[in-house]
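Here's the structure we're looking at; comments come further down.
The values are calculated or read from the model by the stated rules, or taken from the named source; none is laboratory data. On a predicted model such as this, the values are computed, not experimentally measured, just so you know. Positions of Cβ are backbone-derived with ideal geometry, glycine not excepted, and every protein chain shown enters the neighbour counts. For accessibility, only protein heavy atoms count, side chains too; no ligands or nucleic acids. Shrake-Rupley method; radii C 1.70, N 1.55, O 1.52, S 1.80 Å.
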Amino acid sequence: MDETFLVVTRPRLAAVFADPAGWPRMWPDLRLRTVSDRGAQGMRWTVTGALVGSMEVWLEEVLDGTVLHYYLRADGAGPDGAPVPLPPRRAAAEARRRHRAAKALALALKRVLEGGRAPGEPAADASAGS
């Protein structure tokens, strides 16, 4: 689970996650199948590959931006692709690794989508409307 605030509009951020061509770059060891495309509110997927379970990106409009909420609920994948609970230490290590990867993805999106916006400045796409 992770949360990151980005000073971008919800539809602009949603477009990043709605494009299936980008999923392998964001999650290279996971295969996603859309369960629910909620438009500007985010996406829900089933996950197979290195893990088996579900994943969700929920986009919450807050002030002049969007809070990106990321949830991954999954177990390891057994030889037949079925979910297999990981041993506690390995599960904790995998959770930490996935959390760091989620934060790195969110911060990379923040850098690109905010377009060099300085802290306290309006959103880059806000000035286009004035």
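Counting only strands (runs of 3 or more DSSP E) that fall entirely inside the stretch 1-84 and contain at least 3 residues that are open to solvent by 50 Å² or more (accessible area, probe 1.4 Å) and under 25 Å from Arg117 (Cβ atoms), the qualifying elements are 51-62. Cβ-Cβ distances below 9 Å connect the following pairs, each with a first residue in the stretch 45-67 that is in contact (Cβ under 8 Å) with a residue 60 or more places away in the chain, a second residue that is hydrophobic (A, V, I, L, M, F, W, C) and open to solvent by 40 Å² or more (accessible area, probe 1.4 Å), and a separation of six or more residues or different chains: Asp64/Ala126; Gly65/Phe5; Thr66/Phe5; Val67/Phe5; Val67/Trp58.
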